[in-house]
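Participant: Take a look at this one; I'll ask things after.
The values are calculated or read from the model by the stated rules, or taken from the named source; none is laboratory data. What you see is a predicted model, and the numbers here were worked out from it, not measured in a lab. No Cβ is skipped: glycine too gets one built from the backbone with ideal geometry, and neighbour counts run over all protein chains shown. SASA here: full protein model, heavy atoms, side chains in, ligands and nucleic acids out. Shrake-Rupley method; radii C 1.70, N 1.55, O 1.52, S 1.80 Å.
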2 protein chains.
Amino acid sequence: MDYKKWAVSAVRDASLEREIVNRLNNLTKPVGSLGRLEEFALRYCLCRGRVEAEISRMKVFTFAGDHGITEEKITPYPSEVTYQMVLNMVNGGAAISVMCKKAGIDCAVVDMGVKGTFHEQPGLFIRKIAPGTKNFLKEPAMTEKESTKAFHAGYDLATESECDLLGIGEMGIGNTSSASALYSLILDVDPAETVGIGTGSKGLLLEKKKQVIRDAVQFHKKAWNGSPWDALRRVGGFEIAGMAGMIFGGARSGIPVVVDGFVASAAALVAMRLEPEIKSYLFFAHASAEQYHEAFLKREGIRPVLSLDMRLGEGTGSVLAMQIIAQAMECYNRMATFQSAGVSDKKE
Amino acid sequence: MDYKKWAVSAVRDASLEREIVNRLNNLTKPVGSLGRLEEFALRYCLCRGRVEAEISRMKVFTFAGDHGITEEKITPYPSEVTYQMVLNMVNGGAAISVMCKKAGIDCAVVDMGVKGTFHEQPGLFIRKIAPGTKNFLKEPAMTEKESTKAFHAGYDLATESECDLLGIGEMGIGNTSSASALYSLILDVDPAETVGIGTGSKGLLLEKKKQVIRDAVQFHKKAWNGSPWDALRRVGGFEIAGMAGMIFGGARSGIPVVVDGFVASAAALVAMRLEPEIKSYLFFAHASAEQYHEAFLKREGIRPVLSLDMRLGEGTGSVLAMQIIAQAMECYNRMATFQSAGVSDKKE
């Protein structure tokens, strides 16, 4: 893929930043006392490229896909759970559905490559590349054509989303294995550090998972051309490529993207290595309890919005962070100023 | 005050706990993957004393009061800002008003002892004890009668609140001084550690603030009878006493209370020292950026819900934490089970 054409422009604009900060400082509160909420409002407006920005519509996309690596029997849940959980999401019974409804956030599931066939229904986008990736212990998970198609699917959903804030999340039995392999390959970190329990691999199962990922990373290292894009194709997944595409689509539309946990962050890693400027369009929702996620965030100098020991995925962390970012923008837009409220300013 | 009569019963109930945990474990997610949200749901239900608990109505009370200690000129904002900010809250322009509206949380201000007279209006409870406390550098801030009256005002508001989750916050120029003095007196910590910038005391002003609090704490130490109640009366404030009362009123009604930042936590400290069991009814909203708050939480073994460098008060941190606790209960009540959604459970 020629990803040069996806270049993203920086959000740095000193005079815009001054205007936004001035507005924040005139609100009826001690300067800086909303802490990170002020940082969120500033970053949000910078991404939008204007002082007058609002969050009225938020949308979370849950990208779903199956993984050939599950043939290695390294997951406690069977592969068909991906399909079942997509139905659960569409029917409103999954955590992501419940939380989005409560928060007034639109949500949709994207079938990027689930085994099994869905019929068209509201809240479900069918963008199936194939019924699951190939087993990346033995061959690349995707062909170049497949990963490009998956990326574009996510990209287009972002540019057509008509919302002010995007959130991404995922569902896919086997996808923590894929994410661990991505971290290990791109960042050259031993899988002993990047492989965690996922949906619940413990004891011998966890040891086996580590060994499989170690072998797979070794296997791909030889032929890998060193680019994040090639890493994604080799050990990633359809839903991870879709999320990377959505990050680009959001950034290029000036819509910030809230990145969920361990797996979504692997998509963000690919995106940030393809285009470093993209980082300024991202909010990392939370430090997941999944092994290596916190270390990854620290390594990249990223401070997530929340830290609640969650490791569910689906976009559940994104929802909670989006509620907080929305509150930051609510304060930014609706609070009175010292002047408008007739409140005395500092004695200075 | 005979606070023995306010005894609170423990929320420990092993069989109830088992039932709640069972329910959490049957929801369509890997066991424990909602992390602290599961802890919040469990704690919430234990406080309510039943498996079937819901959060449908939430309410935040912002307790406002003035402080005689401002005579010492240790605050950058003039004392009349308390009055002005109460009006700003009632008119919907303050951060707490904006955030509560967005979150669908009821909010009300309580005039516990603001200088100046308000007329009755919706969203304002007038429980004025006196127009500001006495200067606690020279004499106790409150009489026994006053602190008891303030405590009861908060207590009664809680028991009459008809809601499922309470949040507390405060507004009062000078009240970080009062809170610092409370921490220092009760926990025997030097004011150099407990005194911070409050609304913005910096440089010489901050040094003066520290010295004044140090002198005041020294002064009261001699006559202090060693009880948290007497400490509250000596160096506390009407709004702090009101919050302590609300904590007791909530706990005795089985309604958990979400405690905001530095000043609200000083009220919680008093309440917890009066009745250790009360801790299980409290959620600490966030680690404030105000000096000593994080150290206090750590010392008490409390992990707050959020950490966003906020130090505004008013209950703003409580609102954000309440949104998260509400989401935890939403998942608990509305998520499908493995059985109801036809999702395969672990292969075990």
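Participant: Determine, yes or no, whether A:P140 is assigned by TED's automatic domain parsing to the domain that holds A:A158 and modelled with pLDDT under 95.
Facilitator: No.
Participant: Please verify whether B:A223 is buried (at least 17 other Cβ atoms within 10 Å of the Cβ) and more than 14 Å from chain A (Cβ to nearest Cβ), treating the condition exactly as stated.
Facilitator: So B:A223 fails the test.
Residues are listed down the side, and each one gets a yes or a no for (1) in the same structural domain as B:P228 (by TED's automatic domain parsing); (2) open to solvent by 30 Å² or more (accessible area, probe 1.4 Å); (3) closer than 20 Å to B:D106 by Cα; (4) not hydrophobic (A, V, I, L, M, F, W, C):
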{"site": "B:A268", "(1), (2), (3), (4)": "yes, no, no, no"}
{"site": "B:E275", "(1), (2), (3), (4)": "yes, no, no, yes"}
{"site": "B:F283", "(1), (2), (3), (4)": "yes, no, yes, no"}
{"site": "B:A289", "(1), (2), (3), (4)": "yes, yes, no, no"}
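Participant: Take residues that are among the polar types (S, T, N, Q) and tell me which of the helices (runs of 4 or more DSSP H) falling wholly in the range B:214-281 contain 2 or more.
Facilitator: Those helices (runs of 4 or more DSSP H) do not exist here; none qualify.
Participant: Name every residue in the range B:21-33 that is in contact with a Phe, Trp or Tyr (Cβ under 9 Å, 6 or more places away or on another chain) and at the interface with chain A (Cβ under 8 Å from one of its Cβ atoms), in order of residue number.
Facilitator: B:L27, B:T28, B:P30
Participant: Further, regarding this structure: Condition (residue is assigned to a helix (DSSP H, G or I) and under 26 Å from A:N26 (Cβ atoms)) applied to the range B:115-128: is it met by at least one residue?
Facilitator: no
Participant: Report, by residue number, each residue of the range B:113-128 that is over 20 Å from B:H67 (Cβ atoms) and either open to solvent by 60 Å² or more (accessible area, probe 1.4 Å) or touching a His at 6+ places or on another chain (Cβ under 9 Å) (or both).
Facilitator: Result: B:H119, B:E120, B:P122.
Participant: Hey, A:V110 hits all of (1) in contact (Cβ under 8 Å) with a residue 24 or more places away in the chain; (2) assigned to a helix (DSSP H, G or I) but one; which does it fall short on?
Facilitator: A:V110 satisfies all of (1) in contact (Cβ under 8 Å) with a residue 24 or more places away in the chain; (2) assigned to a helix (DSSP H, G or I) except (2).
Participant: If I ask for residues that are more than 7 Å from chain A (Cβ to nearest Cβ) and either among the aliphatic types (A, V, I, L, M) or in a helix (DSSP H, G or I) (or both), which ones from the range B:330-339 would you list?
Facilitator: B:Y332, B:N333, B:F338, B:Q339
Each row is one residue, and each column tells you yes or no for (1) open to solvent by 10 Å² or more (accessible area, probe 1.4 Å); (2) within 30 Å of B:Y281 (Cα to Cα); (3) not assigned by TED's automatic domain parsing to the domain that holds B:R273.
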{"position": "B:A181", "(1), (2), (3)": "no, yes, no"}
{"position": "B:D190", "(1), (2), (3)": "yes, yes, no"}
{"position": "B:E193", "(1), (2), (3)": "yes, yes, no"}
{"position": "B:G203", "(1), (2), (3)": "yes, no, no"}
{"position": "B:K208", "(1), (2), (3)": "yes, no, no"}
{"position": "B:I213", "(1), (2), (3)": "no, no, no"}
{"position": "B:Q218", "(1), (2), (3)": "yes, no, no"}
{"position": "B:R233", "(1), (2), (3)": "yes, yes, no"}
{"position": "B:G249", "(1), (2), (3)": "no, yes, no"}
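Participant: Take the range A:171-200 and flag every residue that is more than 17 Å from A:N135 (Cβ to Cβ) and in contact (Cβ under 8 Å) with a residue 40 or more places away in the chain.
Facilitator: Within the range A:171-200, A:M171, A:Y183, A:I186, A:L187, A:V189, A:E193, A:T194, A:G196, A:I197, A:T199, A:G200 qualify.
Participant: I'm told A:T159 meets every condition in (1) open to solvent by 10 Å² or more (accessible area, probe 1.4 Å); (2) in contact with a His (Cβ under 7 Å, 6 or more places away or on another chain); (3) polar (S, T, N, Q) except one. Can you identify the failing condition by its number?
Facilitator: Among (1) open to solvent by 10 Å² or more (accessible area, probe 1.4 Å); (2) in contact with a His (Cβ under 7 Å, 6 or more places away or on another chain); (3) polar (S, T, N, Q), A:T159 violates only (2).
Participant: List the number of the failed condition for A:A295; all other conditions in (1) closer than 21 Å to A:S177 by Cα; (2) within 13 Å of another protein chain (Cβ to nearest Cβ); (3) open to solvent by 30 Å² or more (accessible area, probe 1.4 Å); (4) small (G, A, S) hold.
Facilitator: The number of the failed condition is (2).
Participant: So, in the range B:195-208, of the ones that are out of contact with any Lys or Arg (no Cβ under 9 Å at 6 or more places or on another chain) and within 14 Å of chain A (Cβ to nearest Cβ), which residue ends up nearest to B:R234 (Cα to Cα)?
Facilitator: Ranking the candidates gives B:L206 first.
Participant: Quick check on this structure: which one of A:E80, A:E71 is out of contact with any helix residue (DSSP H, G or I) (no Cβ under 9 Å at 6 or more places or on another chain), at the interface with chain B (Cβ under 9 Å from one of its Cβ atoms) and of a type in the set (D, E, K, R)?
Facilitator: Criteria check complete, one pass: A:E80.
Participant: Still on this model: Going by what's in this entry, would A:L185 be described as within 15 Å of A:V270 (Cα to Cα), in the same structural domain as A:A264 (by TED's automatic domain parsing) and either out of contact with any His (no Cβ under 9 Å at 6 or more places or on another chain) or not in a strand (DSSP E or B) (or both)?
Facilitator: Yes.
Participant: May I pose another question? Looking at A:A64, A:A108, can you tell me which residue is more than 14 Å from chain B (Cβ to nearest Cβ) and of a type in the set (G, A, S)?
Facilitator: A:A108
Participant: Go through the range A:299-329 residue by residue and tally those that are more than 7 Å from chain B (Cβ to nearest Cβ), outside any loop (DSSP other than H, G, I, E, B) and open to solvent by 10 Å² or more (accessible area, probe 1.4 Å).
Facilitator: Total meeting the criteria: 1.
Participant: Quick one: how many residues across the range B:129-152 are outside any loop (DSSP other than H, G, I, E, B) and either open to solvent by 10 Å² or more (accessible area, probe 1.4 Å) or free of Cβ contacts under 8 Å to residues at least 60 places away in the same chain (or both)?
Facilitator: Going through the range B:129-152 one residue at a time, the tally reaches 6.
Participant: So, of the residues in the range B:188-213 that are among the β-branched types (V, I, T) and in a helix (DSSP H, G or I), which turns out to be nearest to B:H293 (Cα to Cα)?
Facilitator: B:T194
Participant: Mind telling me which of the residues A:A103, A:A41 ends up being outside the structural domain of A:G154 (by TED's automatic domain parsing), within 30 Å of B:E290 (Cβ to Cβ) and under 20 Å from the mean Cα position of the chain (by Cα)?
Facilitator: None of the others qualify; the one that does is A:A41.
Participant: Tally up the residues in the range B:92-103 that are farther than 26 Å from B:V195 by Cβ and facing another protein chain (nearest Cβ under 7 Å), please.
Facilitator: 4
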